[in-house]
Amino acid sequence: MSVISENKSFVKLDFLRLMMMSREGDRREGILLRQSKGWFHVGGMGHECLGAISYLLREDDWLFPYYRDRGLMLARGMTNYELALAYFAKRESSSGGRQMPGHYSSDKLNVMSVCTPTGGGLIPAAGTAWGMQLDGNDGVVIATIGDAAMRQGEFFEAWAFAVQEKLPLIILIEDNKFGISTPTEKFMALNTPGIVAEDFVVKFDGRRVETVLKAGGDAIQKARSGGGPTLLWADLDRLSSHTSSDDHRVYRPQEEIDEMFKRDPIVLLRDELIAEGQLTMAQFEQMQEEVVAQVDADYQKAEKAEDPKAEEVYDHCWGAPDKVEAPPIEAKNQTMVEAINTVFKKALASDPNIIFFGEDIEDPKGGVFKLTEGCSEQFPKQVFNSPLAEATVIGVGVGLASYGKKPVFELQFIDFIAPAWNQITTNLSTTRWRTFGKWATPMVVYAPYGAYLPGGSLWHSQANEGFLAHVPGLKLAIPSTPEDAAGLFWTAIHSDDPCFILIPKHIFRKRVDVHACPPVPFGKARIQREGSDLTIVTYGNTLELAHEAADKLAGECSIEVIDLRSLVPLDMETIAKSLEKTGRLVVIQEDTRTGGFGQTVVGEVTSNPDTFSLLLSSPQLVARNDVHIGYNPIYEYAALPSIDDVVAACRTAMS
C-alpha cells in the first residue's frame, strides 16, 4: 500500500524498517546505559507508529514533540546517528550536549526543541500556529504530549487560544495510560466527558498505520483549510519503563506486560505485511540484522565523536551584540509614557513582523496606563488584546519569536508574572542556550513595576526585578527618564535576545524636559549627578530618594548618583570608576532585601579585590525589608525605603 501525501510517499515496508530502527535505537541505549556508557535513557517503545503522521506533512510545517517521539523524528528526517549523538551528549548533537536524550530539536526540519516540563511546548506551538495564520500561510503545527501532561494548566490555555483563533494546531495526545507509575485513567481529561468539547476530539488506534494516517490526514486537511484545531487522541502502549530510572515491573503485573506486547505496533505491521504477501519472516529477520548493524555502527561512531568543551559553557546565553541606535523621539517636554508610546508606533510602522499582545492594549483603552494608546487603531494587524492569562502571553511570544516574528508583549503589572514563570524559565530564557544557538526567542516583555503609589496592595506594588535578574539568558532594564525609556525600548525591539523592561509607575507620568535622545545600550549605567565623597547606585523609583538625600546632605558630603538603567548586563565599570573617586557606596533598591539585586551589586564590589580595595567603609544597602506591601498607605510607606533610611545609610558610610 502506498499513500501519497503532499510531501512524500508512504510505503508500509519502508516504514516498518523505520519503526525497527527506532526500536533498536531504544534497545541499544538501554544496553549502553547498563555498560555505564551514558547517563540517562527515555524510550519511545510502543509509540513508533505515530511516525506515519510525518509523511503527511510539508517541509514548512512545524513539530513541537515530546520525549517519546523517536519514531516521529526519524520519519521527519532526523538520522539515527543524530539521535546517537544526543544520547552521548556530544558537541555535534542538536543541543551541543546540553539536553538529555529524547529532547529533539532541528531548525532545518522545523522541529522545535523539547523542554523537559511536560506540556511546556504547547502554548509556544499555539504561538507559532498563530504566526502562520497572521502570515496567511496554510502551514500546520503538530504538538505532542503524553496523557498525564494533559492535566497541566498550560494545555488548557493553549487549547483555549487555539479554539478561540481557529489556529492550524493539532495537539496529539499519546495516551499510554501511565504517568510514570501512576495510572492516568481518572486523571486523563478526555476520559471525563465535558472537560473538552468532543467535536474537536478524534480518537484512534495509535498502533496501526491505517488509523494513524486516517486520523492525522483528516486533522491536517482541516487545519490547512482554515477549519481550526484538532485533538488527536492516540490509544497505544508504553512497552518500556518510564525511563532508565524506572522499572515498570514494580507496578505492572507481568501478565499485563505480556498482554501489552501482543499489541506491539511493529509486530502488528509485520504480521500484516506477511499476510499481504509483501514480506516473509526470513526477510523480516534479515531486515532486523541490517537494522542492528546500522544502529551498532551509528552508536560506535557517535561514541567517538567530539565531546563538549568546558570553555564553551557560556556560549549562546545571548545572541549577537545589540545594534544600538538613537530612539526616534523628539527633544521636548514629555512623560515616560508618551516617549514609550512614540517608540511603539515608530517600531510598528517600521516592521510588519512586530506584534503587540497584552491585556487591554487595544484601543479605545490603549492599555491601562495608555502605553499603547492609538497603536491598534493605526496598526490593527499588529496589535492584539490577549486573554487574561500570563502564561499564554509569554508562551505565545516564544512561539511567535521562534517562527520569526518580533513580539513586544505587555504584562499589565509585573506582580502578575507568576503564572508566566514556567514559560519564562522553561522556554524564553533557555531556548538559545539549550540548542547551542540554533534557535532563538528574541522578544520584548514590558510591565509597570514598583510602589510609592498608594493603593496598590500586594499585587500592584511589587518590585520583582530580583526574580528576573536571577534567570540566565534574559536582559533586564529599568529606565527612569523618558529618553532612557525610549532608548532602551528601541534597543530591545532590535535585539536578538529576550529583554524585560520594567517601567516605574511612580515616575512614568512625571513630565520633564528632554534635551537629547542618545542611543541607550543594555549594560551601560548613567551618572545622573556628579560627586566626590560617596556613590549612590540605584534605579527606577528610588532615584528620587537618591537625589533628595544628596540635596539634604549637601552640606556634609558630595554625593554621586548612578542610575544603573540596565541590571542585566550590569555596568560594573562605571561603578568602579565612581568608587575610585568616592571610596564609599550606598545601594538603594525598592525590592526586598534578601536576594534582591542590590545585594548583587554589593557582592560584586566586595568580592572583587580591585573594587574592594577602593572602599573606605563598608557598603550600605537600603531596601524594603522582607515584608509584603499592604493596601493602606500606612503599610506601604512603612515597608518601603524612605529618605530617612537613605540619609542614615549615607551617614554610616561616611563615618
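Data overview
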read-out: Selection within region 130-165 - within 18 Å of residue 113 (Cβ to Cβ) and in contact with a helix residue (DSSP H, G or I) (Cβ under 6 Å, 6 or more places away or on another chain); value: 131, 141, 143, 154, 158
read-out: Residue within region 375-390 that is in the same structural domain as residue 423 (by TED's automatic domain parsing), of a type outside the set (A, V, I, L, M, F, W, C), more than 19 Å from the chain's Cα centre (by Cα) and more than 30 Å from residue 112 (Cβ to Cβ) present; value: yes
read-out: Residue within region 412-428 that is surrounded by fewer than 24 Cβ atoms within 10 Å (Cβ to Cβ), out of contact with any Lys or Arg (no Cβ under 8 Å at 6 or more places or on another chain) and not in a helix (DSSP H, G or I) present; value: yes
read-out: Residue in region 47-70 that is within 26 Å of the chain's Cα centre (by Cα), at positive phi and hydrophobic (A, V, I, L, M, F, W, C) present; value: no
read-out: Filtered residues of region 211-249 (kept if without any contact (Cβ under 8 Å) to a residue 60 or more places away in the chain, in contact with a strand residue (DSSP E or B) (Cβ under 9 Å, 6 or more places away or on another chain) and not basic (Lys, Arg)); value: 211, 215, 218, 219
read-out: Residue within region 568-583 that is farther than 23 Å from residue 531 by Cα and surrounded by 15 or more Cβ atoms within 10 Å (Cβ to Cβ) present; value: yes
read-out: Filtered residue count, region 258-283, keeping only those that are assigned to a helix (DSSP H, G or I), touching a helix residue (DSSP H, G or I) at 6+ places or on another chain (Cβ under 7 Å) and without any contact (Cβ under 8 Å) to a residue 24 or more places away in the chain; value: 2
read-out: Scope region 596-616; condition surrounded by 14 or more Cβ atoms within 10 Å (Cβ to Cβ) and of a type in the set (Gly, Ala, Ser); matching residues; value: 596, 598
read-out: Residues of region 368-409 satisfying the condition of being of a type in the set (Ser, Thr, Tyr) and not in a loop (DSSP other than H, G, I, E, B); value: 376, 392, 402, 403
read-out: Residue that is surrounded by the fewest Cβ atoms within 10 Å (Cβ to Cβ), among those in region 84-98 that are among the hydrophobic types (A, V, I, L, M, F, W, C) and in contact (Cβ under 8 Å) with a residue 60 or more places away in the chain; value: 89
read-out: Residue count for region 517-557, restricted to those that are touching a Pro at 6+ places or on another chain (Cβ under 7 Å) and over 15 Å from residue 488 (Cβ atoms); value: 3
read-out: Residue in region 251-258 that is farther than 18 Å from residue 53 by Cα, crowded, with 18+ Cβ neighbours inside 10 Å, modelled with pLDDT under 95 and among the aliphatic types (A, V, I, L, M) present; value: no
read-out: Residue in region 537-556 that is touching a Lys or Arg at 6+ places or on another chain (Cβ under 6 Å) and charged (D, E, K, R) present; value: no
read-out: Any hit, region 356-367, residues being of a type in the set (Gly, Ala, Ser), in a strand (DSSP E or B) and either in contact (Cβ under 8 Å) with a residue 40 or more places away in the chain or not assigned by TED's automatic domain parsing to the domain that holds residue 497 (or both); value: yes
read-out: Hits in region 271-323 - residues which are β-branched (Val, Ile, Thr), surrounded by fewer than 16 Cβ atoms within 10 Å (Cβ to Cβ) and under 29 Å from residue 16 (Cα atoms); value: 274, 280, 292
read-out: Answer residue from region 188-236, given it is among the polar types (S, T, N, Q) and buried (at least 16 other Cβ atoms within 10 Å of the Cβ) and is nearest to residue 152 (Cα to Cα) among those; value: 230
read-out: Residue 24 vs. criteria at pLDDT 95 or above, surrounded by fewer than 23 Cβ atoms within 10 Å (Cβ to Cβ) and either of a type in the set (Asp, Glu) or outside any helix (DSSP H, G or I) (or both); value: yes
read-out: Any pair with Cβ under 8 angstrom, 6 or more apart, that starts in region 51-78 at a residue that is under 16 Å from residue 121 (Cα atoms) and ends at one that is modelled with pLDDT under 95 and in a helix (DSSP H, G or I); value: 66/149
read-out: From 61, 107, residue being surrounded by fewer than 20 Cβ atoms within 10 Å (Cβ to Cβ) and farther than 30 Å from residue 280 by Cα; value: 107
read-out: Scope region 195-225; condition more than 25 Å from residue 273 (Cβ to Cβ) and assigned to a strand (DSSP E or B); matching residues; value: 201, 202, 203
read-out: Checking residue 543 against (1) out of contact with any Asp or Glu (no Cβ under 8 Å at 6 or more places or on another chain); (2) farther than 28 Å from residue 439 by Cβ, the condition it does not meet; value: (1)
read-out: Tabulated pairs, region 124-149, first over 25 Å from residue 174 (Cβ atoms) and of a type in the set (S, T, N, Q), second at pLDDT 95 or above and in a helix (DSSP H, G or I), C-beta under 7 angstrom, 6+ apart or interchain; value: 133/165
read-out: Search result, residues across region 287-342 that are touching a residue at least 12 places away in the same chain (Cβ under 8 Å), assigned to a helix (DSSP H, G or I) and under 27 Å from the mean Cα position of the chain (by Cα); value: 312, 340, 341
read-out: Qualifying residue in region 560-570 (condition: among the aliphatic types (A, V, I, L, M), outside any loop (DSSP other than H, G, I, E, B) and within 29 Å of residue 430 (Cβ to Cβ)); value: yes
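For (1) aliphatic (A, V, I, L, M); (2) outside the structural domain of residue 64 (by TED's automatic domain parsing); (3) assigned to a loop (DSSP other than H, G, I, E, B), each residue gets a yes or a no:
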{"site": "115", "(1), (2), (3)": "no, no, yes"}
{"site": "129", "(1), (2), (3)": "yes, no, no"}
{"site": "133", "(1), (2), (3)": "no, no, no"}
{"site": "156", "(1), (2), (3)": "no, no, no"}
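Yes/no per residue for (1) assigned by TED's automatic domain parsing to the domain that holds residue 481; (2) within 28 Å of the chain's Cα centre (by Cα); (3) at pLDDT 95 or above; (4) among the acidic types (Asp, Glu):
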| residue | (1), (2), (3), (4) |
| --- | --- |
| 539 | no, yes, yes, no |
| 544 | no, no, yes, yes |
| 580 | no, no, yes, yes |
| 611 | no, no, yes, no |
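The values are calculated or read from the model by the stated rules, or taken from the named source; none is laboratory data. Since this is a predicted model, take the numbers as computed values, not measurements. Note that each Cβ is placed from the backbone with ideal geometry, even for glycine, and that neighbours are counted across all protein chains shown.
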